Amino acid sequence: MIAKTVDKETIYSYLEEINDPEVPVLSIIDLGIIRDVKMNSDELEVVITPTYTGCPAMDMIVATIKIQLATLGFKKIKVTQVLSPAWTTEWMSEEGKRKLKEYGIAPPNPKQQVCDQKLFAAAEAVQCPHCNSYHTHRISEFGSTACKALYQCDDCKEPFDYFKCH
Amino acid sequence: MSPFIDYTLHLGDNSLILGQKNAEWCGHGPVLEQDIAITNISLDLIGQARNFYQYAATLIGDGTTEDSLAYLRKEREFKNLLLVEQPNGDWGQTILRQFFFSQYQYLLFQQLQNSSDKHIAAIAEKSLKEVTYHLRWSSEWVIRLGDGTDESHQRMQKAIDELWRYTGEMFEAASYETHVDLSTIKEQWINKVKKVFDEATLQMPVKIFMQTGGKEGKHTEHLGYILTELQYMQRAYPGCEW
């Protein structure tokens, strides 16, 4: 393929194919971490933002973007990281939230409830992704990856991950 | 090296060393959930350090990288606070160290997110989201342990005796530290700590002599051991990759 004939839409469709290595059901588009795609003849720049500061998946995502787009014929592919404005779970697509739930991870609540300093605040009401009950409780506000908290359903008793709001 | 680069390294060093200390708990936490919590915090801190080091490396130029800053500097070149290099001790001491530091970082980053330097402001803005979690988690644990059993209360009080002398340094400006108003941070920090201690039924310490020097590279004996472990691979096998 020749880079000059490639439009942004094609780039995005290629990016849509790349999944988050830690939550493989989500594409990086679903996650909302692609900020911009800039093209200048045969040079391409993809601007991304990390979800969490120490997210170990970022290096792998950068490498995968380069490999995935290499087939499009660009001479130079640059992936730039920007931090500000900081990523928020509000940028996650509705499609992404639906996929998360299907996968067994409770999607982030639409309104941020826990990102304040109040101590011993009642745990956020999170819907169980398995049986849809709201009778759930938080086991730990840190989970298997930086972006998740651990919950358990009081009705079906299943433990589950909650993609915490950020 | 310019004062601003020194300051950026100081911020990175604080995060790296505390991240390294917390990581020692991996697999040793008192319960699984808290083991995961402390190591998650570790990951956030090391992520902060990477951001600061990457920025410092571009300012320094000359082929310096985030890795050479972390793995190839000597003890006297590290500018971290004495507080973050103190031993983990028991769970209470680790919690208290985290609480003191997170409360400080929370106030500091609030100021730094308005920094005239766009890079520092962006790192502070991004990190604040995570620091808020660290602060809430560690505050709750200080209260839980302080207001817990006789044993846990006693241990927390002992941890305060152990660590308080390293808190004064946070508010003593180093020669390169001209970007923040430390006296405001000090006042807010004392008030917040007092509030948590009151709720935890812990005594606020009396005025004591404060240890300083870390910011200028004069450390306690503990940092050498930390770096020995942290830098082992690059020292034993220079340039080693995996």
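FYI, it's all coordinate maths here, none of it is from the lab. Worth saying up front: this structure is predicted, and the values here are computed from it rather than measured. FYI the Cβ positions are ideal-geometry reconstructions off the backbone, even for glycines, and counts take in every protein chain you see.
Give, as a single signed number, the net charge of other residues whose beta carbon lies under 11 Å from the beta carbon of B:Ala49, with Lys and Arg counted +1 and Asp and Glu -1.
-2
In percent, what relative contact order does region A:92-163 have, based on Cα pairs under 8 Å that are 6 or more apart in sequence?
Worked out over region A:92-163, it gives 26 percent.
Which whole-Hz ³J(HN,Hα) couplings does region B:169-182 yield from phi under the Karplus relation 6.51 cos²θ - 1.76 cosθ + 1.60, θ = phi - 60°, glycine and proline marked x?
4, 4, 9, 9, 5, 7, 4, 8, 9, 10, 9, 9, 9, 6
Principal axis lengths of region A:92-163 from Cα atoms, whole Å, largest first?
Extents along the principal axes, in whole Å: 32, 28, 21.
Expressed as a rounded percentage, what relative contact order does chain A have, with Cα pairs under 8 Å and six or more residues apart?
19 percent
Quick check on the protein assembly as shown: helices-only [θ] at 222 nm, where DSSP H runs of length 4 and up contribute -39,500 (n - 2.57) each and the sum goes over total residues. Nearest 500, please.
-15000 deg cm²/dmol
Around B:Tyr71, what is the net charge, scoring Lys/Arg as +1 and Asp/Glu as -1 over all other residues with Cβ under 15 Å from its Cβ?
-3
Hey, can you rank A:20-27, B:83-90, B:13-20 by average C-beta count inside 10 Å, highest first?
B:13-20, B:83-90, A:20-27
Quick one: dipole size for chain B, taken about the Cα centre, charges +1 on Lys/Arg Cβ and -1 on Asp/Glu Cβ, in debye to the nearest 20.
Taking the Cα centre of chain B as origin, the dipole is about 320 debye.
Could you work out, residue by residue across B:135-143, how many beta carbons of other chains sit within 10 Å of that residue's beta carbon, and then give the average as an integer?
Mean partner-chain Cβ count within 10 Å for B:135-143: 3.
Quick one: what are the phi-derived ³J(HN,Hα) couplings along region B:53-63, Karplus 6.51/-1.76/1.60 with θ = phi - 60°, whole Hz, x for glycine and proline?
Per residue, the Karplus-derived 3J(HN,Hα) values read 5, 4, 5, 4, 4, 5, 5, 6, x, 6, x Hz.
Where does the Debye-calculated log10 I(q)/I(0) of region B:58-133 sit at q = 0.12, 0.13, 0.25, 0.26 Å⁻¹, using only Cα point scatterers of equal weight, no solvent?
Taking Cα atoms of region B:58-133 as identical point scatterers yields -0.48, -0.57, -1.12, -1.12.
Name the residues of region A:76-94 whose amide N is less than 17 Å from a point 7 angstrom out from the Cα of A:Asp36 along the C-beta direction?
Counting only backbone N, you get A:77-87.
In cubic angstrom, how much convex hull volume per residue do the alpha carbon atoms of region B:3-236 span?
115 Å³
Lys and Arg at +1, Asp and Glu at -1: add these up for the other residues within a Cβ distance under 15 Å of B:Leu230 and post the number.
-3
Within 10 Å, count the other beta carbons around each residue, average over each peptide in A:71-80, B:135-144, B:213-222, and list them highest first.
Sorting A:71-80, B:135-144, B:213-222 by mean packing, highest first, produces B:135-144, B:213-222, A:71-80.
Which of the pairs B:Lys74/B:Lys186; A:Lys99/A:Lys164; A:Lys97/B:Lys129 have their Cα atoms more than 18 Å apart in this structure?
Long pairs (Cα-Cα over 18 Å): B:Lys74/B:Lys186; A:Lys97/B:Lys129.
Would you be so kind as to identify which of A:Trp87, B:Ile5, B:Ser139 lies farthest towards the positive end of the dipole of the protein assembly as shown, taking Lys and Arg as +1 and Asp and Glu as -1 on Cβ and the Cα centre as origin?
B:Ile5
Where Rh denotes the Kirkwood radius from the mean inverse Cα pair distance, what is Rg over Rh for the protein assembly as shown?
Here the Rg-to-Rh quotient is 0.98.
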